[in-house]
DNA sequence: CCTCCGGATTGAAAGGTTTCACAAATCTGG
DNA sequence: CCAGATTTGTGAAACCTTTCAATCCGGAGG
């Protein structure tokens, strides 16, 4: 900027004004300064700007699993909102690792980003509250934390589980497999809870839900669960499966194809998330659709609101999922 | 830092030393300073650090399509390398939009990131060269640009196309559809080139390659192409299809299922990328596998080399893809 | 012709860190 | 016990902006 000022024959302050409040500088000098900036290939130093101004023009989303299309769709929604507010969105992938998540959070806090969006490994980890308390706004996405130090946006997983299993019951199924890692992941626990609720509403015992627990929610996990399911004696083998996400459902579907089990004839399948591949599967998959893009957009908007509003009150937004019925459950 | 120094009864310089060269300060004072930092919840200001130090500890990858698993896998490889070098990787999604790409590049340059990894919309856009010339190292990923202002890492797309189609020819096919947007995307153009080369090597005319041009490379595009293909008169309808990526292949597969075309009986299908879903498809997909993770890791390593090496020479690394044969082409 | 006004421009301080030459303290060996 | 070497610690400059009170200037109003 000093060089630009010298070359344009104006003061440093004027160059800054051209950059930040172009209306406060006469058209003639502004043109002159802009010409010099172009000629000198001036690139503003964001660190210095930020140091002085105190805040940055960057939002960040720390996502749980960059290879899951669900999260990239959520991120796309955030980008919509960030674009509208002249901000950049940086994506970080914690890949389910608390250490990576913590490292990213540290970096982001040091960078003094305008705000952090995160789908955390553990929504009640104290670190999130500490960061919020120290002044970097935090919005939790796709989980509802207990505390009140930040906003959150989520989808009602209990309800999602409920409509999925209610649908299976309506299709005449009574013995239903639940495939997922409900002991480790909060969302999955909730979806299973909804499943149990649907059973009980239909007058069925909890024992009608057969747990096939997986370590994660990948296609490979689904394949493995399928093999275990096929190995069950016919008398106790479920006639339907509710999978904690679509990746698992796709894996399950693949095993069914290999083992010549017909879907939905021998096994009806419901997935979760309704990712693009769900409709494109061998047997199009019935799935619980979450408003992914909307989820992301709302989260980013909440974050922006927190930085602009005075007297901001933390809100917990919960969206309602919907069931998309396709061939995998229609007999 | 000033507060920490005061509370610990040392000078500012000492606090800085604790942070940056802990070995230059005695264990006793170091412990004291660290205790005070913890107590005061000191968070280092990265802007100030960067302003003074001149460089940041951040790499960025501007990816072409965040919702394509291929790119998230590439990003995972970069993360491996970044982790090893105590750097953070920020992901930016240009979503094929040149304006978004340019906006991100501008932001990143202003942030003085340590380096930029990018799969550009146009690998020969002058902007990339300008950025590199101004001092921010740039590595082009999955494309090979013409200029010599930066390194690049890519996979031999011509060869990939060649082995795909050679395989189809070996399976007895002579009339082969090529599905993709080869007029707009460089990689796709190369894959098609390889396809033509394989035909010619087998003594077949270029006319044996039937172009079904799409606007992008999504599942929906694949579905559309499938309908067009099915609509062709039997006399000219290809017996095999080479799809420019797996998403397209999955869409095509779905249309085949809907229209009761058997795969590979009525139509053999080869995809490209070998994403996880390829093996999990209704009919497991033959696909050309690219070393995605390796691609990303190598790109990041090249970038780090550029920032550390003296007298760095720009390199163009090209990996060789391999064909993974599955049911979709085996009769 | 003077005063006052408003818009345009200026100059200097401030923001939080790193770096480096230098001072102080401690140790080593004779 | 001393010179010299080594280990620790210090202080101020520098990094590049933004901000804001102060100054400048031309013109309107009296």
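The values are calculated or read from the model by the stated rules, or taken from the named source; none is laboratory data. In this text, all values refer to a predicted model and were calculated from it rather than measured experimentally. Counting neighbours? That spans all protein chains shown, and the Cβs are built from the backbone with ideal geometry, glycine included.
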### Query
Since residue B:305 meets every condition but one in (1) at pLDDT below 95; (2) over 21 Å from residue B:75 (Cα atoms), which condition does it not meet?
(2)
#### Entry: Only one of A:130, A:162, A:170 that is under 25 Å from residue A:212 (Cα atoms) and surrounded by fewer than 17 Cβ atoms within 10 Å (Cβ to Cβ)
A:170
### Message
Looking at the stretch B:87-112 only, could you name the residues that are under 15 Å from residue B:132 (Cα atoms), more than 8 Å from chain A (Cβ to nearest Cβ) and crowded, with 23+ Cβ neighbours inside 10 Å?
### Response
B:105, B:108
### Message
The conditions are (1) in contact (Cβ under 8 Å) with a residue 60 or more places away in the chain; (2) crowded, with 23+ Cβ neighbours inside 10 Å; (3) in contact with a helix residue (DSSP H, G or I) (Cβ under 7 Å, 6 or more places away or on another chain), and residue A:181 fails exactly one of them. Which is it?
### Response
(2)
### Task
Hey, could you check the stretch B:46-65 for residues that are surrounded by fewer than 23 Cβ atoms within 10 Å (Cβ to Cβ) and facing another protein chain (nearest Cβ under 7 Å) and say which is nearest to residue B:114 (Cα to Cα)?
B:51
### Query
Just wondering, is there one or more residues in the stretch B:66-80 that are crowded, with 21+ Cβ neighbours inside 10 Å, part of a strand (DSSP E or B), within 15 Å of the chain's Cα centre (by Cα) and modelled with pLDDT under 95?
no
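Among the residues of the stretch B:27-45 satisfying the criterion of being within 14 Å of chain A (Cβ to nearest Cβ) and part of a helix (DSSP H, G or I), which is nearest to DNA strand D (Cβ to nearest atom)?
Narrowing the stretch B:27-45 to residues within 14 Å of chain A (Cβ to nearest Cβ): B:37-45.
Keeping just the survivors that are part of a helix (DSSP H, G or I) gives B:37-40.
On the way: B:37: 15, B:38: 18, B:39: 18, B:40: 17 Å.
Taking the candidates together, the pick is B:37.
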### Query
Going by the structure shown, is residue A:24 more than 11 Å from chain B (Cβ to nearest Cβ), over 26 Å from residue B:114 (Cβ atoms) and either surrounded by 21 or more Cβ atoms within 10 Å (Cβ to Cβ) or near DNA strand D (Cβ under 10 Å from one of its atoms) (or both)?
yes
### Query
Can you name the residue in the stretch A:4-13 that is more than 27 Å from residue B:127 (Cβ to Cβ) and near DNA strand D (Cβ under 9 Å from one of its atoms) and is also farthest from the other protein chains (Cβ to nearest Cβ) among such residues?
A:11
#### Entry: Failed item in (1) facing chain A (nearest Cβ under 9 Å); (2) over 22 Å from residue A:131 (Cα atoms), with residue B:84 passing the rest
(1)
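State all residues of the stretch A:46-65 that are assigned to a helix (DSSP H, G or I) and either farther than 21 Å from residue B:43 by Cβ or in contact with a helix residue (DSSP H, G or I) (Cβ under 6 Å, 6 or more places away or on another chain) (or both); if no residue qualifies, say none.
Pass one, the stretch A:46-65, residues assigned to a helix (DSSP H, G or I): A:46-53.
Hits for the stretch A:46-65 are A:46, A:47, A:48, A:50, A:51.
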### Query
Taking into account only those residues within the stretch B:168-187 that are modelled with pLDDT under 95 and outside any loop (DSSP other than H, G, I, E, B), which is farthest from the other protein chains (Cβ to nearest Cβ)?
B:186
### Message
All but one of (1) at pLDDT below 95; (2) farther than 30 Å from residue B:89 by Cα hold for residue B:268; state the number of the condition that does not hold.
### Response
(1)
## Note on the structure
Filtering the stretch A:1-20 for residues that are in contact with a helix residue (DSSP H, G or I) (Cβ under 7 Å, 6 or more places away or on another chain) and within 11 Å of DNA strand C (Cβ to nearest atom) leaves a count of 11
